[in-house]
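Note sheet for the following structure.
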Amino acid sequence: VSQQLKEEIRRGFAALEDPLAGLLDMLETSSDWKGKGHSLGYYISSELQLWIKEHPAVQQSGMKLKKLQARVFRILAECPANLLDPLISIYQLHTADRNYLLGHVSHLYHKGDYKEAAILSIKLKLQPDQDVEKMCTPLLLQDKANLVEAYVGEHPELQCKLLQILDSWCAPGFNIKDISRQYQGLSKYKPDKFNHKMLSKLIFRLLEQFNLDPALCPNVINQRHLRTLNYLFYKRFVEKSMTQENWTDHVQNTVGENRWLQEHLLQLLINYSDISTAARWAQRCNMPKEILPYGVADELQKLEIQERVEETEKAENYEEVKKKKDYYQLPIPRANIHFLQTLEEMLPCWEKVLKPGQVVGIDMEWRPSFGVVGKPRVSLLQIAVGEEVFLLDLPQLLEKTEREDEKEKLSQFIQRLYSDPGITKLGYGMSGDLNSLAATCSALKDVDKQAQGVVDLLTVDKQVDVLAPEPSCEDGAFRQPERGLSLLVQHVLGKPLDKTEQLSNWEKRPLREEQILYAASDAYCLLEVYGKLCKDPASFGLRSDLTANPVEKPSIKPRAKKQLNKQEVLSSSGQQCKSFVKEASCPADPISPKEFSVVCDNMLQGLGRYLRCLGVDVRILENEDDHRKAAEVSQCEGRVILTSGLPYQTLQSQVGEGRCFSVNCSEKAKEQALQVLKHFNVQVTLADIFSRCQ
């Protein structure tokens, strides 16, 4: 606002006998202030608010003020949000009769002005006298979660009450549509945004934001633990990428003494393993026989538990030892791996690591969160240098140094290591590691800004000119294709990393021998990869100076090396597969999006929405749907299946040739869509865009 206008407004106030009544006269006879944005009415009101502070004598009280407040309430019904603060301040609405204020808000609410009622309640601090469920439900239906957060923001008791209400809507068997039916005439209602997934995300965000006890929300916590269980079963029985001991440890921690989860665990064991394994877990969990699934109680009577467990472990250990030769092997003696828990033990590490010109490989491990709220805290910091690896037990070191009032010594060592440009630090996806380090020790919160002389091999990996090999099948079992650092190690050193210990419980002490070797390998392989890339960068399509690769920014998600679709895979001789040659020589005729119908698997929901915006006929599987449903939809409706990863192997055999396409899950939706459109020769025109949207 120009200075000239401000002075003119102030002269106007000074000339009025009653500036407060004058402002209301203007607002009542003008309509310019009712629109969005900063109107002239807003500028005049804001200027009066400042002017009154300089001229307190114009303030009104008693009956005169009450009459002015009654006029203000009539204006508030149509008032934009930016006028609320000046009017509340000028007319001292916080001093008005509380029942009158609540009645005015209730009037707005029953008119269907839910947003306006909530905003005014927040401004006048009326929340403690209102029904939090009644006020917040229509806002959630209108996708105004941010306003709900603001409504309970300064009221811990309302935060708890709101979370308990939201959690009750996530209870098994609760029909969320029962909530929306009460507000059938609601304007701007967004039913697609009001679902269990949205509620679950909101609950976890509020738990973290308000620092509340997750025990307030047993339903969403149980559902998250159940998803964790399903994930653990997938890793153990489908991918076969977790050891028995590691898997058992996580399952026990996830299930605990929760009967509901224990019952789901037994059902999963029956589906993925066998009844005798389910019986062993039923005994371990002390589950009463009357709640056990059919057949498990009988099996429990027969089992000679100890003999069976020993036989199973022997067989599994043999299988795991047999496979070790297929992976990268740590080339240093076991005696050169040092596990450090005290400052005295740290001294040799400091001397060797902080030498000028040193090259060190750094990695970190933390307990898998499986979606738990909050940033992970580092449990182990691995530093590889020369022919040695130092494993720093960070929780123990921080606890001991704090007790001995020497905490700054540890943080100073880490700060000096990262900030010294004369020491080359190697990592892979270092931004995530540094964020976790900052969350573990407050003295290290700025270490990412101070870091110098770092080489993030994730950035280098994106430039390496090698295509990923075809996923392998050994002993009839599909082996998950390598990703990330493991894939880079495979390209450069010939064998991938063994990631079976990646999801270990890194907080548990003592660490198992397998965990120690895994942690040491993860740090030491960085030295070997870097050394080989530096010797011959040109053969990997790299420039000679690898140090020109700063830390990958956290906003960019680490991408695995592009996995070629089965339709595009190169054979070992370098020749293209027959199916691809056939497609290349006889490209399909171009089709329009209207002629192209697909079903997207549930890990590709973003791709499905993007294709729909381009006019493609899309069906998208829900999160709880089994991948096999895509084949049923494809067979019934003649749709092409779009999927990714392991489900591709199953689905492609259930539909006709060329009716199942594997999409790179590490790409963003736009890149995935371009890949699909190019493969099926779909030509999008301007008229197609948003042609299927409301």
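The values are calculated or read from the model by the stated rules, or taken from the named source; none is laboratory data. Please read these numbers as outputs of a predicted model, since none were measured by experiment. Using ideal geometry, Cβ is built from the backbone for each residue, glycine included, and neighbour counts are taken over all protein chains shown. We work out accessible area using only protein heavy atoms, side chains counted, and drop any ligands, DNA or RNA first. Shrake-Rupley method; radii C 1.70, N 1.55, O 1.52, S 1.80 Å.
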Worksheet entry | Between 0 and 90°, nearest 10: helix 275-284 axis offset from the chain longest Cα axis | 60 degrees
Worksheet item: Hey, what angle do you get for helix 81-90 against the long axis of the chain, alpha-carbon based, 0 to 90 degrees rounded to 10?
Response: 50 degrees
Fill in: Protection proxy ranking, peptides 653-664, 216-227, average beta carbon neighbours within 10 Å, highest first
216-227, 653-664
Fill in: Estimated FRET transfer efficiency when R0 is 35 angstrom, pair GLU595-GLN649 (beta carbons, to 0.05)
0.80
Worksheet, complete the sentence: Computed, not fitted: 222 nm per-residue ellipticity of the chain from DSSP H runs ≥ 4 (each -39500 (n - 2.57)), nearest 500, equal to -15000 deg cm²/dmol
Discussion item. Testing the spin-label approximation: label points 7 Å from Cα along Cα→Cβ at GLU17 and ALA70. State their distance in nm.
Written reply: 2.0 nm
Fill in: Measure of compaction for the stretch 3-212 (Cα Rg per 2.2 N^0.38 Å)
1.20
Worksheet, complete the sentence: Computed over the stretch 612-678, the distribution of all Cα-Cα distances in 10 Å bins, rounded to whole %, is 19, 55, 26
Worksheet, complete the sentence: With a Förster distance of 41 angstrom and the Cβ-Cβ distance between HIS55 and ASP131, calculated FRET efficiency to the nearest 0.05 equals 0.50
Response to the item:
So, relative contact order of the chain in percent, Cα under 8 Å, 6 or more apart, is 8 percent
Worksheet item: Solvent-accessible area per residue for the stretch 593-680 at a 1.4 Å probe radius, Å²?
Response: 46 Å²
Worksheet item: Does the stretch 220-303 come out rounded, prolate or oblate, given a ≥ b ≥ c as the square roots of the eigenvalues of its C-alpha gyration tensor, rounded meaning a/c under 1.5 and, failing that, prolate meaning a/b above b/c?
Response: oblate
Discussion item. Give me the base-10 log of I(q)/I(0) for the stretch 162-284 at each q in 0.12 Å⁻¹, Debye formula, one uniform scatterer per Cα, rounded to two decimals.
Written reply: -0.58
Discussion item. With a cut-off of 8 Å between alpha carbons and a minimum separation of six or more residues, what is the relative contact order of the stretch 1-98 in percent?
Written reply: 32 percent
Fill in: Kirkwood-based Rg to Rh ratio, the chain, C-alpha trace
1.04
Worksheet item: Expressed as an acute angle from 0 to 90° and rounded to the nearest 10, what is the orientation of the C-alpha long axis of helix 259-272 relative to the principal long axis of the chain?
Response: 40 degrees
Practice prompt. Just order 669-677, 51-59 by mean Cβ neighbour count inside 10 Å, highest at the front, would you?
Written response: 669-677, 51-59
Discussion item. For a test of the definition: using alpha carbon positions, the gyration tensor, and the 1.5 limit on a/c, classify the stretch 120-216 as rounded, prolate or oblate.
Written reply: oblate
Response to the item:
Rounded to a whole %, the carbon-and-sulfur portion of the accessible area of the stretch 3-212 at a 1.4 Å probe is 51 percent
Discussion item. What whole-number volume per residue, in cubic angstrom, does the convex hull of the C-alpha atoms of the stretch 38-104 give?
Written reply: 85 Å³
Worksheet item: Cα-Cα over 32 Å: which of LYS144/LYS375; LYS161/LYS400; LYS324/LYS532; LYS197/LYS407; LYS190/LYS668?
Response: LYS161/LYS400; LYS197/LYS407
